[in-house]
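**Q** Here you go, one structure.
The values are calculated or read from the model by the stated rules, or taken from the named source; none is laboratory data. Keep in mind that this is a model prediction, so the values were computed, not measured. A quick note on method: Cβ atoms are made from the backbone with ideal geometry, for glycine too, and the neighbour counts reach across all protein chains shown.
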Amino acid sequence: MERIPILKMGQLLLVTIQVDMHDRLAMTLQDDLTTRIVKDRAKGVLIDISALDLVDSFIGRMINNIAAMAKILDADTVLVGMQPAVAITLVELGLTLEGVKTALNVERGMTMLNLGKFS
Amino acid sequence: MIGNDIDVKVIPLRADEDVVRMRQALRECLVSIGFSLIEQTKMITAASELGRNTLRYGGGGEAHIEKVTDGGRRGVVLSFIDQGPGIEDVDLALKDGYTTGNGMGLGLGGARRLADDFELTTAPGKGTTVRISKWKLF
């Protein structure tokens, strides 16, 4: 089964979405990330969407769910690299991303998560 | 719709992967017409919402991607057709936040906001067709 890879960097989990995701793949990612947060005792989740040229309400909901589940498990979520066309479309779609911080790039995202060191 | 130059692509929507294929076919079409990246993103996002509705609520169906040249303008007309249960209360369905499933309830209203034209034809037991279009002026 195809899966989006999740990288562990110290207490941080990094996901880079580079494929045109169908709904099932998005659901699998949501479940995988939540499982990994617990398993790896992660304090932060960084979702890199700089390669995504589309975020629709299903993906938006996936992001919101991941952030909510992470919060319950005492981890923060940062969304990184949103493309301008995507941001404009999300506003017009009426979608608000809840409980998710955003950052321009991975470096800034990691600073926000206050994780300088990798153990 | 009568145009000087009509070109239709029919894509069945029976599985999640079909929605991805539809988005990709639509992207190609929009690029060939010369839409900007923002226009493309809005239209493909709208199409993704409607394609999902066809699949999830309509029991599957098909998408028609029609490239149209109509006098002084060029554009794309997208139709999402299913033979599913139909929508009972259209006004309610169009309300942001209303969902009969697990969604965010933004699909129909969102598609209407993101496209230039929006047309919904439905009746309980008679299926649903949603048509959206985007135009580029010469």
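**Q** Is there a residue in region B:101-121 that is at pLDDT below 95, surrounded by fewer than 18 Cβ atoms within 10 Å (Cβ to Cβ) and among the aliphatic types (A, V, I, L, M)?
**A** No, that holds for no residue.
**Q** Here is a list of conditions, (1) modelled with pLDDT of 95 or more; (2) closer than 29 Å to B:ARG56 by Cα; (3) surrounded by 20 or more Cβ atoms within 10 Å (Cβ to Cβ); (4) not aromatic (Phe, Trp, Tyr), and A:VAL100 meets all of them except one; can you say which number that is?
**A** For A:VAL100, the failing item is (1).
**Q** Check whether at least one residue in region B:26-34 is within 25 Å of B:GLY105 (Cα to Cα) and part of a helix (DSSP H, G or I), and report yes or no.
**A** Within region B:26-34, the first condition is being within 25 Å of B:GLY105 (Cα to Cα), and the residues that meet it are B:26-27.
This time we only want the ones that are part of a helix (DSSP H, G or I), so: B:26-27.
Yes: one or more hits.
**Q** Here's something else I'd like to know. If you scan region B:14-26, which residues turn out to be more than 8 Å from every other protein chain (Cβ to nearest Cβ), free of Cβ contacts under 8 Å to residues at least 40 places away in the same chain and in contact with a Lys or Arg (Cβ under 9 Å, 6 or more places away or on another chain)?
**A** Passing the criteria: none in range.
**Q** Whether any residue in region A:40-54 is in contact with a Leu (Cβ under 7 Å, 6 or more places away or on another chain) and surrounded by fewer than 18 Cβ atoms within 10 Å (Cβ to Cβ) is what I want to check.
**A** yes
Here is a yes/no grid of residues against (1) β-branched (Val, Ile, Thr); (2) touching a Pro at 6+ places or on another chain (Cβ under 8 Å); (3) at the interface with another protein chain (Cβ under 9 Å from one of its Cβ atoms):
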position: B:GLU28; (1), (2), (3): no, no, no
position: B:PHE35; (1), (2), (3): no, no, no
position: B:THR54; (1), (2), (3): yes, no, no
position: B:GLN83; (1), (2), (3): no, no, no
position: B:LEU92; (1), (2), (3): no, no, no
position: B:ASP96; (1), (2), (3): no, no, yes
position: B:GLY107; (1), (2), (3): no, no, yes
position: B:ARG113; (1), (2), (3): no, no, yes
position: B:PHE118; (1), (2), (3): no, no, no
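**Q** Now for a separate question. Return only the number of the condition from (1) closer than 25 Å to B:GLY127 by Cα; (2) out of contact with any Pro (no Cβ under 7 Å at 6 or more places or on another chain) that B:GLU88 does not satisfy.
**A** Of everything listed in (1) closer than 25 Å to B:GLY127 by Cα; (2) out of contact with any Pro (no Cβ under 7 Å at 6 or more places or on another chain), B:GLU88 misses just condition (2).
**Q** Considering only residues of region B:28-42 that are in contact with a helix residue (DSSP H, G or I) (Cβ under 6 Å, 6 or more places away or on another chain) and in contact (Cβ under 8 Å) with a residue 12 or more places away in the chain, which is nearest to A:LEU95 (Cα to Cα)? Steps first, answer last, please.
**A** Residues of region B:28-42 in contact with a helix residue (DSSP H, G or I) (Cβ under 6 Å, 6 or more places away or on another chain): B:30, B:37-38, B:40-42.
Pick out the ones that are also in contact (Cβ under 8 Å) with a residue 12 or more places away in the chain and you get B:30, B:40, B:42.
Working: B:LEU30: 24, B:GLN40: 18, B:LYS42: 13 Å.
Across region B:28-42, the extreme among qualifying residues is B:LYS42.
**Q** May I pose another question? So which of B:ILE44, B:ILE11, B:ILE65 ends up being closer than 29 Å to A:THR28 by Cα, β-branched (Val, Ile, Thr) and away from chain A (no Cβ under 13 Å)? Full working, then the answer.
**A** Values: B:ILE44 fails: away from chain A (no Cβ under 13 Å); B:ILE65 fails: closer than 29 Å to A:THR28 by Cα.
Residue meeting the stated conditions: B:ILE11.
**Q** Since A:THR89 meets every condition but one in (1) free of Cβ contacts under 8 Å to residues at least 24 places away in the same chain; (2) in contact with a Lys or Arg (Cβ under 8 Å, 6 or more places away or on another chain); (3) polar (S, T, N, Q), which condition does it not meet?
**A** (1)
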